[in-house]
Amino acid sequence: MPAMKPISEAHVAQPGLAVVDVAACDDQTAFAVQALLAGRWATAPADRTARVPGEPGVRLRCYFDVRQDLESLR
């Protein structure tokens with residue numbers, strides 16, 4: 001599987017939008033990290049992981065919107 005696509009400017013166009021790349025030893029661990037973060041913030045979850053040739057483990061990218069939390073800090 002090819003390397004992950006570059007992060008799009010649209011995904012980080014406003015304060016509070018974030019892209020999180022997870023590296024883990026296996027799918028189960030990567031999805032557990034995603035679920036942990038998704039329990040706190042709005043997310044566009046990934047439905048599969050990627051394996052990068054020559055690199056150990058799996059990669060997973062998910063997109064988060066933490067703007068509600070940022071507003072509460074003001």
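The values are calculated or read from the model by the stated rules, or taken from the named source; none is laboratory data. Keep in mind that this is a model prediction, so the values were computed, not measured. No Cβ is skipped: glycine too gets one built from the backbone with ideal geometry, and neighbour counts run over all protein chains shown. Protein only, heavy atoms only, side chains kept; ligands, DNA and RNA dropped before computing areas. Shrake-Rupley method; radii C 1.70, N 1.55, O 1.52, S 1.80 Å.
What's the percent breakdown of Cα-Cα distances in the chain across 10 Å bins, shortest bin first?
It works out to 19, 46, 27, 7, 1, in whole percents.
Considering the chain as a Gaussian network with a 10 Å cut-off on Cα pairs, which listed residue, 54, 39, 16, attains the greatest mean-square fluctuation?
Most flexible of the set in this elastic network: 54.
Counting only heavy atoms of protein chains, what accessible area per residue, in Å², does the chain have with a probe of 1.4 Å?
For the chain, the per-residue accessible area is 71 Å².
Place the peptides 56-67, 40-51 in order of packing, highest mean first, counting for every residue the other Cβ atoms within 10 Å and averaging per peptide. Let's see the in-between values first.
Numbers: 56-67: 17.4, 40-51: 13.8.
Highest to lowest by the protection proxy: 56-67, 40-51.
With angles folded into 0 to 90 degrees, how steeply does helix 27-38 sit against the dominant principal axis of the chain? Use alpha carbons for both and round to 10.
It is inclined by approximately 0 degrees.
Report Rg(Cα)/(2.2 N^0.38 Å) for the range 28-70, keeping two decimals.
Values: Rg = 12.0 Å, N = 43, 2.2 N^0.38 = 9.2 Å.
Ratio of Cα Rg to 2.2 N^0.38 Å: 1.31.
Over the chain, with every protein chain in place, what whole percent of the accessible area is carbon and sulfur at 1.4 Å, could you tell me?
Numbers: 2990 of 5240 Å².
That fraction is 57 percent.
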